[in-house]
Each structure stands twice: as structure tokens, then as C-alpha cells.
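Here is the structure we will look at.
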Number of protein chains: 2
Amino acid sequence: MRSFKELSAIFENHFNKRQFPDAPATLYDAAQYILSIGGKRVRPVCVLLANELFGELNNDALNVASAIELFHNFSLIHDDIMDKAPLRRGMETVHTKYNEPTAILAGDVMMVEAYGRISEVNAAFIPPILRLFNKTSKEVCEGQQLDMDFETKSTVTHDEYLQMITLKTSVLLAASLQMGAILGGASAQNQQHIYEFGKNLGIAFQVQDDYLDAYGDPEKFGKQVGGDIIANKKTFLMIHALSVATPEQKNELISLFEYNGSDKVQKVLDIFNACDVAVWAGELKEKYYKIAMQHLEDTAVVSSRKTALKELAQYLLQRDS
Amino acid sequence: MRSFKELSAIFENHFNKRQFPDAPATLYDAAQYILSIGGKRVRPVCVLLANELFGELNNDALNVASAIELFHNFSLIHDDIMDKAPLRRGMETVHTKYNEPTAILAGDVMMVEAYGRISEVNAAFIPPILRLFNKTSKEVCEGQQLDMDFETKSTVTHDEYLQMITLKTSVLLAASLQMGAILGGASAQNQQHIYEFGKNLGIAFQVQDDYLDAYGDPEKFGKQVGGDIIANKKTFLMIHALSVATPEQKNELISLFEYNGSDKVQKVLDIFNACDVAVWAGELKEKYYKIAMQHLEDTAVVSSRKTALKELAQYLLQRDS
């Protein structure tokens, strides 16, 4: 069992080259561009980690890992168009650097290329991998649609937000792990445990992301702190605050949606603090972390093989132990 | 061997129902909408026709036919966004009726759904079908990119246009036929002949489409006659006219690109006529029709089974015999 870092290096070595034909350059340069601006490649490395949890790392896992990373980047290109985002990871988004038609098409061809990698897998594994890939891809699209729908919805419940975030971000992490497990010959039950490990880890990560947006150290977080508050996003924190606030606090929160003063973030944080939102968020993250770890514990594999996945969970959730 | 019409009815019966889940309705209603505004379903019926050419019509063929029609409609939704087209078949395009983010996502989820249908095919057939589907999907994206690139290119050669149109429209017809042949157990050689039949038929159809845009009967054509001329499209006809025109005619054609008077179409047609473009286009269409029919002839199947495909060719190319 290699560490996350070692498997990252193996994946980078496999993936860090042009993934597309040369021509038409107008199309494929745009697709290659987003791959070149990096990212932590967490999802594809999860394929390799789960593959090694059950078996020997093989070439099929590298193909599926590439498919997952291509699919993830397809979704980033199209989401950035829909969200009209000018920047990603500090670099121009694809539709900003090129143009919108090219970005739509570069995303399309990247999704096709993802399926292309799946078609290269050992034939016996193609049907189960393809079915899980399709199910997950549909869920990711549904999650993005729900996220857009929430922008115009006056109230969003905790459960609705949880469902949206699960679809939009957690299921791809979960499916990456399950695909690695499938290729490693894992039983259906072990596949399910590793899927649930990933899904709950993803939810815990999102709770943390929502928390850091409000309370993070601007230098470490890498994004504008308070960005969700400024954009009136209905995050875990905001939804909770609205549900526990006094009528006065609730009215103030709602009126702050219309407010654009420079102290908007601080005014919202004052109410969050009065509602103990930070403590609540820490407990929610811990809840999903524990569910995730229980599923890893219940995976029927000798404990010593699970070290790398435990390290991954601690790394993603910024835990010291 | 059933006729095109009979197989159309079988496909419609299979496909003429909601193809997506109910929720989120904002996403799936938009996807279903474009399917509901019709189309001749030529490509999926080609899957069934080729399947029956070699074997018994089976459920796998219906799944692959559905995948092809879903993929085709995905490409229409996204092309309409890129082309800023307000109407399709006289109805609002998806991004006009809903909005652009929803149209992008509805296209995405339709492509995923197309792959979903492939995953339902008998496992033994999935790898070859998936590989051909991927190859073709990439080519369709490349064709659309070339088409967009041509808008800003000052000169486009006959061969460049032929390549673009082959990728953008012919390969999907060709692949539909080959997929039906694969499911019918056809030999590699027969698969290749039926693919080439479809590819050349598609090219002949495009030559006719370019011809009808300039010379068609407005009542029968169903589109604005002269639309390509008004949009300065570099069609087979325009490229040919530019290549055979006298220097004076060529200069006039080029200056007409900048002209927007109500007699623009007539002025261009006058030069087309002086260059005998209509006769040339008729010969070009005939050339590809003959290549297509030779491939059908060379397909090693008793001649009586080929009737429906011959009828299809005559129907698509508006031939009386």
C-alpha cells in the first residue's frame, strides 16, 4: 500500500502530458489548458488508493483515474460558464481565455474523452464501471442544476442543501473509490462501504469548506473569506443560522441579503456567532467524518492496508490525528 | 426486412415517452422538450435497418438507436447555443425557452443518458459499440469546431469543407449503420462497407442541402432559401464558385460578403448561374451517391435484404428511382 503522495506521483507521471490530439488546435488546446492549470487530483488518486486497498495497482486503474479527472474538468469548464466565473485557481477560466462556444465544445469533447478511457479498460470490467460512471455523471449534473435552482429559491432546507452538495461533489469522490475497488476485485459489500466512506468524507469536506469560507484564515484558504456571504449563498452555516435564529436575528439576516455595504460579512458573522454556528458546524463535520471512518473500519480488509485512506481523510479534513 | 417506415414506427413506439427522471424538473423537462419537437429520427432507424440487414431485430438495437438519437439531440442543443439560434424546427430552441445554463446542462445530461443506453446493451457488445460511439462523438465535436473556425477563415478549400461536413454530419449516420451491423453480427468487412455507405450518403445529402439552400422550392425546403448566402456560409456551392469564377466574378462574390441589400441572394445566384454551379453540384451529389451504392452493393448479403436501405437512400436524396 503506497501513500497518497506516492500514488499522486504515479498518477501525475501518467497524466501529465497532452491528453488530446493536436488538431483542431482551437478545440483541443482549450481542453488541455484547464488540465494544465493543475488541481490536487484527489479523485483520480482515490481510484488508485481503492485499487491498492484490494489488489495490485494496474493499468485499468490508471485509465479509470484519467477518466474521472477528465470528467471532473469537463464539469468545471461548464460550471464556470454557467456561473460566469472569470477565474479558476487564479487563472482565466476556459470561456474567458478562449470563448464560450469553444468552452462548451471543449467540455463536451473532454467528457467524450473520459468515456474513451473507460472503453480502454479490460472488457470484463467495462459494464460495471460504465454503469457507475453514468449514474454518477447524471447525479453531478443534477447537483449542479439544484445548486442553480437554489439561487432563486427563497428558502432551502438543510436536507435539500445536503442532497444538492452530495450530488454535486460527494458522489464523484465516492464513485472514484468504488471504481478502484471494482478493479481490485472487491466484494459488493466492500464496494458499498468504500463508496459510503467517500460520500461521507465528501460531505464532511463540504461542511469544512462552508466553515472556512466564513471563518478561515484568508492566507491559508486561498479564496476570498466571506465570498459565500457576499454572494448570499445558502450554505450549511446560513441555513442553520436561519433555522435557530430569534425572529429579530432572522429578519436581520434576510434584510442583509439585500445589503451590500463593506461591513456585510461582519454583520452576518455577528449573527452567526450569536447563534453558535461555528461550534455547530464543527460538530456536523465530525459527525460525517465518524460515519466515513466507520465505513472504512467495516471494510473487510486487514487494517494495515487502510493507512493511506486514513491519511487521506485527515489531510482533506485538516486533522492532526 | 422491414421498410424504413415500418422500422420508424417501431422506434417511435419505443422512444416516444419520457426518457428522463421527473426531478429535477428544471433539468429534465428541458432535455425532454427537444425530443418532443420531433425530427425524422433517421439515424436511430438506420441502426435498426442495419441490424435487420444482418440479423434479427433485437432490444440491443433499440437501446443503441436511442443512444444515437439522444446524442444527436445533445449536439443540437449545444450547437444552437453556439450558433445563437432562436428557432429549431419552427419551435424555440432550448436555451431560448429555458436559459443558457440549463441548456448547457440539459445537453450534458442527455449525452450521459446516451452512454447510459449503451451500458444496457448485452455485455459482449459494449466494448466495440462504446469505442465506435466515442470515436464518432469526438469527430462530431471536431466537425462543429471546424465549422466555427471557418466563420473567421478567409478561404476554405473544397477538401477542408468536405472534411468538416463529413465529421459534423456524415460520420454519425455512418456509425449508426455500423452499430446496427455490429449488433447483427456482421463481419468487419461488411461493417466497413455499411459505414462507407452511410458516410457517402451523408455527404451526398449535404451537397443536396447546400444546393437546396440556394435553389430549393421555398415551400418544400422548410428553411429560408438563400439563408447560407445571407450568412456568408462557405458551402460546397460558394467554394466551387470562388474556385472557377473569373477574377471579376470572384471580386464581386467577395465584395458581396459585405453587402446586405435585399437583392444580395439574387446577385450571388447570378454569379453561381454564370459559373454553372447547379450542374456541378448535381454531379457532385451523384458522385457520392454512386460511391455509397457501390458499398451497399459490395456488402456480402443477399440483394433482397438491401431493399430498405436503397429506399432510404432514394428518400434522403429525393430520387424517383
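Tabulated data for the structure shown
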item	result
Of the criteria (1) closer than 15 Å to A:LYS233 by Cα; (2) basic (Lys, Arg); (3) away from every other protein chain (no Cβ under 14 Å), which one A:LYS153 fails	(3)
Complete set of residues in segment B:30-40 that are in a helix (DSSP H, G or I) and open to solvent by less than 60 Å² (accessible area, probe 1.4 Å)	B:ALA30, B:ALA31, B:GLN32, B:TYR33, B:ILE34, B:LEU35
Those residues of segment B:126-140 which are open to solvent by less than 30 Å² (accessible area, probe 1.4 Å) and touching a residue at least 24 places away in the same chain (Cβ under 8 Å), in sequence order	B:ILE129, B:LEU132, B:PHE133, B:THR136, B:SER137, B:VAL140
Some residue of segment A:125-134 being over 19 Å from A:SER66 (Cβ atoms), more than 9 Å from chain B (Cβ to nearest Cβ), of a type in the set (Phe, Trp, Tyr) and not in a loop (DSSP other than H, G, I, E, B)	no
Those helices (runs of 4 or more DSSP H) lying entirely in segment B:165-221 with at least 1 residues open to solvent by less than 10 Å² (accessible area, probe 1.4 Å)	B:171-183, B:188-215
Selected residue (only one of A:PRO86, A:PRO101, A:PRO128 is at negative phi and at pLDDT below 95)	A:PRO86
Index of the failed condition, A:ASP108 passing every other in (1) touching a residue at least 40 places away in the same chain (Cβ under 8 Å); (2) under 20 Å from the mean Cα position of the chain (by Cα); (3) crowded, with 22+ Cβ neighbours inside 10 Å; (4) within 9 Å of chain B (Cβ to nearest Cβ)	(1)
Residues of segment B:16-44 that turn out to be among the aliphatic types (A, V, I, L, M) and within 24 Å of the chain's Cα centre (by Cα), as a count	6
Failed item, numbered, when B:LEU62 is tested on (1) open to solvent by 20 Å² or more (accessible area, probe 1.4 Å); (2) within 14 Å of chain A (Cβ to nearest Cβ); (3) at pLDDT 95 or above	(2)
Residue check for B:ALA123: of a type outside the set (Val, Ile, Thr), surrounded by 20 or more Cβ atoms within 10 Å (Cβ to Cβ) and in contact with a helix residue (DSSP H, G or I) (Cβ under 6 Å, 6 or more places away or on another chain)	no
Cross-chain or 6+ apart pairs with Cβ under 7 Å, segment B:230-248 first and on the phi > 0 side of the Ramachandran plot, then open to solvent by less than 80 Å² (accessible area, probe 1.4 Å)	B:ASN232/B:PHE257
Candidate set: segment A:12-29, residues that are open to solvent by 10 Å² or more (accessible area, probe 1.4 Å), closer than 23 Å to A:ASP80 by Cα and part of a helix (DSSP H, G or I); chosen: the one nearest to the other protein chains (Cβ to nearest Cβ)	A:THR26
Filter result for A:GLN163 (of a type in the set (S, T, N, Q) and away from chain B (no Cβ under 13 Å))	no
Condition broken by B:ALA61, with the remaining ones in (1) more than 17 Å from the chain's Cα centre (by Cα); (2) farther than 25 Å from B:LEU132 by Cβ satisfied	(2)
Some residue of segment A:59-67 being in contact (Cβ under 8 Å) with a residue 40 or more places away in the chain and in a loop (DSSP other than H, G, I, E, B)	no
Subset of segment A:224-248 (residues that are open to solvent by 60 Å² or more (accessible area, probe 1.4 Å) and under 20 Å from A:PHE205 (Cα atoms))	A:GLN224, A:LYS233
Flag if A:LEU284 is in contact with a His (Cβ under 9 Å, 6 or more places away or on another chain) and under 26 Å from A:ASP149 (Cα atoms)	yes
Criterion (free of Cβ contacts under 8 Å to residues at least 40 places away in the same chain, open to solvent by 60 Å² or more (accessible area, probe 1.4 Å) and not in a helix (DSSP H, G or I)) met by exactly one of A:ASN251, A:ASN273, A:ASN260	A:ASN260
Conditions (1) surrounded by fewer than 24 Cβ atoms within 10 Å (Cβ to Cβ); (2) of a type outside the set (Gly, Ala, Ser); (3) touching an Asp or Glu at 6+ places or on another chain (Cβ under 7 Å); (4) at the interface with chain A (Cβ under 10 Å from one of its Cβ atoms): number failed by B:GLN144	(1)
Segment A:147-168: number of residues that are without any contact (Cβ under 8 Å) to a residue 40 or more places away in the chain and in contact with a Phe, Trp or Tyr (Cβ under 8 Å, 6 or more places away or on another chain)	2
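For (1) part of a helix (DSSP H, G or I); (2) within 13 Å of chain B (Cβ to nearest Cβ); (3) surrounded by 24 or more Cβ atoms within 10 Å (Cβ to Cβ), each residue gets a yes or a no:
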{"residue": "A:PRO44", "(1), (2), (3)": "yes, no, yes"}
{"residue": "A:LEU48", "(1), (2), (3)": "yes, no, yes"}
{"residue": "A:HIS78", "(1), (2), (3)": "yes, yes, yes"}
{"residue": "A:THR96", "(1), (2), (3)": "yes, no, no"}
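The values are calculated or read from the model by the stated rules, or taken from the named source; none is laboratory data. Computed from a predicted structure; not experimentally measured. Neighbour counts run over all protein chains shown; Cβ positions are idealised from the backbone, glycine included. Just so you know, the surface numbers come from the protein's heavy atoms only, side chains and all, with ligands and any DNA or RNA stripped out. Shrake-Rupley method; radii C 1.70, N 1.55, O 1.52, S 1.80 Å.
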